[in-house]
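Shown next, in structure tokens, is the structure this report addresses.
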Amino acid sequence: VSIPVESAGSEVKRASVSPHGLGPIRRWVDFWFEPASPVDLGAFRALYFGLSFLYFASWDFSGWGDLPDWYYRPTPLFRLLGLPVLSSGAIWALQTAWKVSLLTSALGLATRVSTLTCAALSFYLIGLNQCFGKTHHAAALSFLTIAILSLSRCGDSCSIDAWIKRRMSGSEPKASGEYGWPLRMVWLAMSLIFLNAGISKLRHSGLAWVTTDNMSLNLIEFAIPGLGRPYSSYGPELGRYVPLTQLMAASTLVVELLFPLAMISRRARLALVPSMFLMQVGITLFMGRSFVPFMFSYLAWVPWSRLVHRRRAQDWRVA
Amino acid sequence: MTQASAMSMSAEVYFALGTAAFLLLILLAPEVRRLLDGRRAGMPTAAGGIELGALANLSSSAKPSPLQVAFVSLLAAALMAPMFYDLARDKEHWPFSSYPMFSTMRQRDQKLLMLFGVTESGDEINIQANDQYLTPFIHANIRPIINPLLGRDEQRLTEFLSDVLGRYERRRSSGEHDGPALKAMRLYQTSWHKDPAATQPLTLKSRSLLLEVGRSAP
């Protein structure tokens, strides 16, 4: 997209400076600090924490506190930090504080304190959930997203803090790179996860992951009672159509491997992000591996300020 | 050079190449270059979903300070480095991982450990079918705990089954789930056959009882 920079009569001149003279550091900086509206980050914060609060509200981690010691298999980071399994009562108190911090982060109330508290408690509680035999891959992004938001100025818009500040000073925050990098950091986290998942498939199975009946067997397997929690019983039925499942496998691999392009290309973003989202919906539906909290992070790809401005423009036209 | 150090070297090379390729991808992207075109001309661009109206408000003082750049760069590196390291080593260091889920080939014949509860009437229920029965575990935790104990530590295996049974009953008594009363817990080794072309794509070939633990007298 080339942007009109100057109108002289009917002639529109366009910016055309060669990028070849720019150094990689400048490109790096401009990638992260491309100015963004505070609404993009604020809306993402409000929705992400709000949905996480609703999702995790009924979760209870306190049961980990009264298991025999030998169940505990700390992850490397928990072992390195020497983090213990607290008593059930202490875990219950922490998870209550965590849920409150999810809610106050969503509302944007004392946002910096709320999000930092939430990040610290997420590290312990979500991390503890990985220390009893099974690493739940989908949970990692929840912690990473919360940690990224806690280090950002995500409370400058769509928050009680911003409302109070506006009432007191009357000033609105301007677009800034400070509101862009946290979203791009979430994009980076998601891109790395999908890229690693794609490469892992090639490493462990090669192209046979696509060309054989592997995906078909995968879908059929989840009909074994208790193995997953499929929302639909069509998975095993789908598994009977091997060419279709090979197509699904090929699409999965291609989208995972190409996903990092979504960070830098708008066209790629339009194709890859919805495709990956739909694939995870499919996995949840047919295989019963829930990616629900993971899927909240897709909200970071939505240009919220555009939607808000479009809505305002429509209202203005109506008025 | 030993095999171990050669492997370690290749992991480091993978790591360095992965990081470099990723950075290169970002820096050489046409969108980034176009964005920089706009910047050099001193004008806002529409790239990245940014509102031009909002950009017009951007003052020159909004440029990031070296400290901000260093902070964000360190954060990006802190995200990329362990991810590429785990990818190179095929390991997991939560919250980072090589994300190997579903990456191995599925076999047509599969063995699977399954837990069943025995009701007062002697019927069996698959207690892995409902996570409420297993809390704080979920169905996915069960096999990674049982597998290393099987054939090696029967005492702990028995302790685990007793614990699951005790928890189930305590939670049932307090109304946290509505499952039937259980008098025992059984661990089975099951064997399944998958065949997409068969009338029944999934069949249970065999099931053998490995261990049974009864409820202790109150």
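Laboratory data are not the source of any read-out in this text; all were calculated from the coordinates shown. Predicted model only: the values in this text are computed from it and were never measured. No Cβ is skipped: glycine too gets one built from the backbone with ideal geometry, and neighbour counts run over all protein chains shown.
The calculated FRET efficiency for the pair residue A:306 and residue B:81, based on their C-beta separation and a Förster distance of 41 Å, comes to about 0.75. Can you compute the label reach from residue A:234? Point 7 Å from Cα along the Cβ direction, backbone N cut-off under 16 Å, restricted to region A:181-221. Once the point is set 7 Å along Cα→Cβ of residue A:234, A:219-220 turn out to lie under 16 Å by backbone N, inside region A:181-221. Over the C-alpha trace of chain A, radius of gyration and Dmax come out as 22.9, 81 angstrom.
Across peptide A:73-83, the mean count of Cβ atoms from other chains lying within 10 Å of each residue's own Cβ comes to 2. Using R₀ = 35 Å, calculate the FRET efficiency as 1/(1 + (r/R₀)^6) where r is the Cβ-Cβ separation of residue B:152 and residue B:120; round to 0.05. After rounding to 0.05, the efficiency reads 0.60.
Computed with the Debye formula from one identical point scatterer per Cα of region B:173-212, without solvent, the log10 of I(q)/I(0) at q = 0.14 Å⁻¹ comes to -0.57. Simple rule: put +1 on each Lys or Arg Cβ and -1 on each Asp or Glu Cβ in region A:209-298, find the dipole, and look at A:222, A:257, A:282; the Cα lying farthest toward the positive end is A:257.
Over all residues in B:102-113, what is the mean tally of Cβ atoms on other chains that come within 10 Å of each residue's Cβ?
6
Modelled spin-label separation between residue A:292 and residue B:170, with each label point placed 7 Å from Cα along the Cα-to-Cβ direction: 2.6 nm.
Would you please state which residues of region B:160-194 a label at residue B:207 would reach in this model, taking the label point 7 Å out along Cα→Cβ and a backbone N cut-off of under 12 Å? Answer for this model: B:186-192. Computed 3J(HN,Hα) for region B:183-189, one whole-Hz value per residue from the Karplus formula 6.51 cos²θ - 1.76 cosθ + 1.60 where θ = phi - 60°, is 10, 7, 10, 10, 10, 10, 9, glycine and proline marked x.
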